[in-house]
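Notes follow once the structure below has been shown.
The values are calculated or read from the model by the stated rules, or taken from the named source; none is laboratory data. Just so it is clear, the structure is predicted and the values come from calculations on it, not from any experiment. Ideal geometry is used to build each Cβ from the backbone, glycine not excepted, and the neighbour counts take in all protein chains shown. Surface areas here come from the heavy atoms of the whole protein model, side chains and all, with no ligands, DNA or RNA. Shrake-Rupley method; radii C 1.70, N 1.55, O 1.52, S 1.80 Å.
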Amino acid sequence: NAGVMQNPRHLVRRRGQEARLRCSPMKGHSHVYWYRQLPEEGLKFMVYLQKENIIDESGMPKERFSAEFPKEGPSILRIQQVVRGDSAAYFCASSPQGSSYNSPLHFGNGTRLTVT
Amino acid sequence: AQTVTQSQPEMSVQEAETVTLSCTYDTSESDYYLFWYKQPPSRQMILVIRQEAYKQQNATENRFSVNFQKAAKSFSLKISDSQLGDAAMYFCAYANSGGSNYKLTFGKGTLLTVNP
């Protein structure tokens, strides 16, 4: 019974490169959420997706960041032209329904992005 | 906007003793959800316990219990009979009970050390 799988676990990118973070939700879960954890901070909501749809992207920076959850395959968080301030741990969570209480979010182990 | 405050950046406890982690929050809502998540060195976010605001009774999960004081907007976590495996970062989190309850607001965390 695999949990939420994120890869890579660690990702190093130079300034200006692109970062692609992948998330495979738990089996049977069709709701995916991305959160970001800056150093010394709690997690902050970025985006909520269902298959092929972005439901809420209110926490996403307006530029350089995008997310998708295609019909087939994992969810992808894409950061273009990375800057040092993008260095953080990025967490993916999934749930069978769009609710944090009745179907609590199950988090992955995160991807730590380091921008040099 | 809702905020979550954890006033103790670090706490320590002797193995088998009891420790209480503090959390306060600010909201104008009358119904909402509160959570405690544990983040061990593996970095995975693990749900420890949750509480619905309209429920008077404090939630309990084995050695973990909460003291929910709605009027004071306080939601502390008590860990009884502390074990070495309890050592982790603990995050308090809040979510509205309405349509956006997937959007958790986290505190900055409390690092718990368990001494043998």
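Descriptive notes on the structure:
- In the stretch A:36-45, the count of residues that are open to solvent by less than 40 Å² (accessible area, probe 1.4 Å), on the phi < 0 side of the Ramachandran plot, of a type outside the set (Gly, Ala, Ser) and free of Cβ contacts under 8 Å to residues at least 40 places away in the same chain is one or more.
- Selected residue [at the interface with chain A (Cβ under 10 Å from one of its Cβ atoms) and of a type in the set (Val, Ile, Thr)] from B:Thr105, B:Thr60, B:Thr113: B:Thr105
- Subset of the stretch A:87-102 (residues that are modelled with pLDDT under 85 and open to solvent by 10 Å² or more (accessible area, probe 1.4 Å)): A:Gln97, A:Gly98, A:Ser99, A:Tyr101, A:Asn102
- Flag for B:Tyr90 being in contact with a strand residue (DSSP E or B) (Cβ under 9 Å, 6 or more places away or on another chain), more than 10 Å from chain A (Cβ to nearest Cβ), under 18 Å from A:His106 (Cα atoms) and of a type in the set (Ser, Thr, Tyr): yes
- Residue satisfying all of: in the stretch A:82-98; farther than 18 Å from A:Gly3 by Cα and in a loop (DSSP other than H, G, I, E, B); nearest to the other protein chains (Cβ to nearest Cβ) among these: A:Ser87
- A:Asn102 vs. criteria within 28 Å of B:Tyr90 (Cα to Cα) and within 13 Å of chain B (Cβ to nearest Cβ): yes
- Within the stretch B:41-53, the set of residues being touching a residue at least 40 places away in the same chain (Cβ under 8 Å) and either more than 10 Å from chain A (Cβ to nearest Cβ) or among the charged types (D, E, K, R) (or both) comprises B:Pro41, B:Val48, B:Glu52, B:Ala53.
- Per the listing A:Glu72, A:Glu68, the residue uniquely of a type in the set (Asp, Glu) and under 14 Å from the mean Cα position of the chain (by Cα) is A:Glu68.
- Criterion: modelled with pLDDT under 95, open to solvent by 40 Å² or more (accessible area, probe 1.4 Å) and within 19 Å of A:Ala2 (Cβ to Cβ) - qualifying residue of A:His31, A:His106: A:His106
- Residue pairs meeting the criteria (Cβ under 6 Å; at least 6 apart or on separate chains; first open to solvent by 40 Å² or more (accessible area, probe 1.4 Å), in the stretch A:61-84; second acidic (Asp, Glu) and in a loop (DSSP other than H, G, I, E, B)): A:Lys71/A:Glu52; A:Gln80/A:Glu18
- One residue from B:Asp81, B:Asp26 being away from chain A (no Cβ under 14 Å) and under 23 Å from A:Tyr35 (Cα atoms): B:Asp26
- Taking the stretch B:1-94 and the strands (runs of 3 or more DSSP E) fully enclosed by it, the elements with 2 or more residues that are buried (at least 16 other Cβ atoms within 10 Å of the Cβ) are at B:10-14, B:19-21, B:24-26, B:32-39, B:46-52, B:64-69, B:74-79.
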